[in-house]
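Engineer: Please read through the structure below; I'll follow up with questions.
The values are calculated or read from the model by the stated rules, or taken from the named source; none is laboratory data. Not measured: the values here are computed from a predicted model. Here the Cβ positions follow ideal geometry from the backbone for every residue, glycine too, while neighbour counts run over all protein chains shown.
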């Protein structure tokens, strides 16, 4: 049997298809993308090496500044809000008995729906003539807010709306992860704490929280990478507008690469995105993941 | 979550005796939360049956007469019918390929004995951290060179590749968990390695196949960016792309656009309602392992 499992030919047959696909469609393009980011490449002509010019151009690009700021806002907001709200829902749902599955399934539903479609849905809800403004009009409010057209403030109102829609859509994912972890905690721990006279809050603080810590790391890194990649909702709700105020890195990359065909410049944005993803994942795994407890 | 069903059934009479105010508050709160999830969908459904004029004269009333004209228009003129078919073809082919290729690699990593298996695993897992945006431009230019742009194959290849890391990761876990004796036994009976893989290990890892299949299918079904960049022919677009194009700033017929949104999400909702518990738990199991 050992001979069979060490057979070189069959190992190669098992590994080769995945290896070829992965290398050709993922690994080589990434290396190429890094190379393009150092090139003047506009699509029509061949790439010409120009060193760090694309990266220095990033710093003077106002829209890139806005996109970077918005991406960072989005990253922080979605990590924090999903952690708090997701954990809150999970605790509520593990504390009720009847109807748990129903609530859980409804809250999880948008996670499996197309965010392109949901983005359009929310675009209509916040559009000037439909949805919420019709409701406000019915209540007699003369000048309803502009919602997605507002441009005031450091983080503009449309950005907040998009962030809350994203929370609405994806909080089910975090909630389910925390619920899975909480229901895995040994019930005798809770019984022991009640006998010792702990309040509900104390048991949550000193038993639940430490025991779900590994899952916090998992959920946070999923959220972080997801929020950096974020594209569909923004593209369909505002397309980066008004006046580029809701641009994030992904939409800016799309605009530069496939509207203006600045391939080299867009590749530089892509490399920034890639580096951010790697940094954030490493950071979260270093900071949050601590020792695993016996459960 | 299945195990909680009998438990809940036993406990219901007990909890009925003492419904505390806290419990009432929790239920009311959760009910309100669920309203924010269902109400927008119902609103879109309601509007999609109306005529364009009714939207502004009686925005929240039920439609005067139920007409499917809006749906018919979006289905044919909006290319949503052909888009649904395209999405289906792309996702099914990508699902089959990524499951077969991915679980073969997973078997090679988990069961075969060779030096580089750890390294191979790390190589595949880095794929999970890489955003699809980074490879968009090189893939686009290269596929155009090969004549793959504007074809469904050009979409299937990257979809399969981007599904591989999660498939390999979850399936490796399942294959490692299989008892050694099974393989020894089969080997003694004279089965070769491929029979062991296809006839013993794969059928025994059905749960894993289900979970990974679900994750990749839903992910690919909803994918927008890559499909938007690679496909420009209206008859080859996938569902999210056709939808985004149909519901654009140049369209002024709102009820048709709302019908398009409903067409795009209704297949997923039906499947979800039918298998919601399995889907939710399956997706979570995949994420927990990932």
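Engineer: Can you name the residue in the range B:178-210 that is within 26 Å of the chain's Cα centre (by Cα) and more than 13 Å from chain A (Cβ to nearest Cβ) and, of all such residues, is nearest to residue B:240 (Cα to Cα)?
Structural biologist: By that ranking, first place goes to B:210.
Engineer: Can you name the residue in the range B:28-56 that is within 11 Å of another protein chain (Cβ to nearest Cβ) and modelled with pLDDT under 85 and, of all such residues, is surrounded by the fewest Cβ atoms within 10 Å (Cβ to Cβ)?
Structural biologist: Checking each candidate, the answer is B:56.
Each row is one residue, and each column tells you yes or no for (1) more than 11 Å from chain B (Cβ to nearest Cβ); (2) in contact (Cβ under 8 Å) with a residue 24 or more places away in the chain; (3) over 17 Å from residue B:222 (Cα atoms).
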site	(1), (2), (3)
A:226	no, yes, no
A:231	no, no, no
A:246	yes, yes, yes
A:249	no, yes, yes
A:253	no, no, yes
A:256	no, no, yes
A:261	no, yes, yes
A:264	no, yes, yes
A:270	no, yes, yes
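Engineer: What do you reckon, is residue A:76 under 18 Å from the mean Cα position of the chain (by Cα) and surrounded by fewer than 16 Cβ atoms within 10 Å (Cβ to Cβ)?
Structural biologist: In short, yes.
Engineer: Find the helices (runs of 4 or more DSSP H) located wholly in the range A:96-199 whose residues include 2 or more that are at the interface with chain B (Cβ under 8 Å from one of its Cβ atoms) and either surrounded by fewer than 17 Cβ atoms within 10 Å (Cβ to Cβ) or touching a helix residue (DSSP H, G or I) at 6+ places or on another chain (Cβ under 7 Å) (or both), and list them.
Structural biologist: Values: elements: A:100-112, A:115-125, A:132-138, A:157-183, A:187-195.
By residue number, A:100-112, A:115-125, A:132-138, A:157-183.
Engineer: Right, another one. Considering (1) buried (at least 23 other Cβ atoms within 10 Å of the Cβ); (2) without any contact (Cβ under 8 Å) to a residue 60 or more places away in the chain; (3) under 13 Å from residue B:240 (Cα atoms), say which one residue B:85 fails and leave the rest.
Structural biologist: (1)
Engineer: Is there a residue in the range A:59-66 that is facing another protein chain (nearest Cβ under 7 Å), in a helix (DSSP H, G or I) and within 24 Å of residue B:139 (Cα to Cα)?
Structural biologist: no
Engineer: Mind listing just one residue for me: the one in the range B:140-158 that is in contact (Cβ under 8 Å) with a residue 40 or more places away in the chain and in a helix (DSSP H, G or I) and, of those, nearest to the other protein chains (Cβ to nearest Cβ)? Step through it out loud before you land on a result.
Structural biologist: Here is the first cut: in the range B:140-158, the residues in contact (Cβ under 8 Å) with a residue 40 or more places away in the chain are B:140, B:143, B:149-152, B:154-156, B:158.
In the following step, the residues that additionally are in a helix (DSSP H, G or I) were identified as B:140, B:143, B:152, B:154-156, B:158.
Working: B:140: 8, B:143: 10, B:152: 15, B:154: 11, B:155: 12, B:156: 11, B:158: 6 Å.
Step by step, filter the range B:140-158, then rank; the result is B:158.
Engineer: Scan the range A:39-56 and tell me whether some residue there is in a strand (DSSP E or B), surrounded by 15 or more Cβ atoms within 10 Å (Cβ to Cβ) and touching a strand residue (DSSP E or B) at 6+ places or on another chain (Cβ under 8 Å).
Structural biologist: So far as the range A:39-56 goes, yes, one or more of its residues are in a strand (DSSP E or B), surrounded by 15 or more Cβ atoms within 10 Å (Cβ to Cβ) and touching a strand residue (DSSP E or B) at 6+ places or on another chain (Cβ under 8 Å).
Engineer: Let me ask something else. Please enumerate the residues belonging to the range B:97-125 that are more than 7 Å from every other protein chain (Cβ to nearest Cβ) and either in contact (Cβ under 8 Å) with a residue 12 or more places away in the chain or not in a helix (DSSP H, G or I) (or both).
Structural biologist: Answer for the range B:97-125, where residues must be more than 7 Å from every other protein chain (Cβ to nearest Cβ) and either in contact (Cβ under 8 Å) with a residue 12 or more places away in the chain or not in a helix (DSSP H, G or I) (or both): B:97, B:98, B:99, B:103, B:106, B:109, B:110, B:115, B:116, B:121, B:125.
Engineer: Could you say whether any residue in the range A:76-86 is out of contact with any strand residue (DSSP E or B) (no Cβ under 6 Å at 6 or more places or on another chain) and either closer than 19 Å to residue B:38 by Cβ or within 11 Å of chain B (Cβ to nearest Cβ) (or both)?
Structural biologist: Yes, some residue in the range A:76-86 is out of contact with any strand residue (DSSP E or B) (no Cβ under 6 Å at 6 or more places or on another chain) and either closer than 19 Å to residue B:38 by Cβ or within 11 Å of chain B (Cβ to nearest Cβ) (or both).
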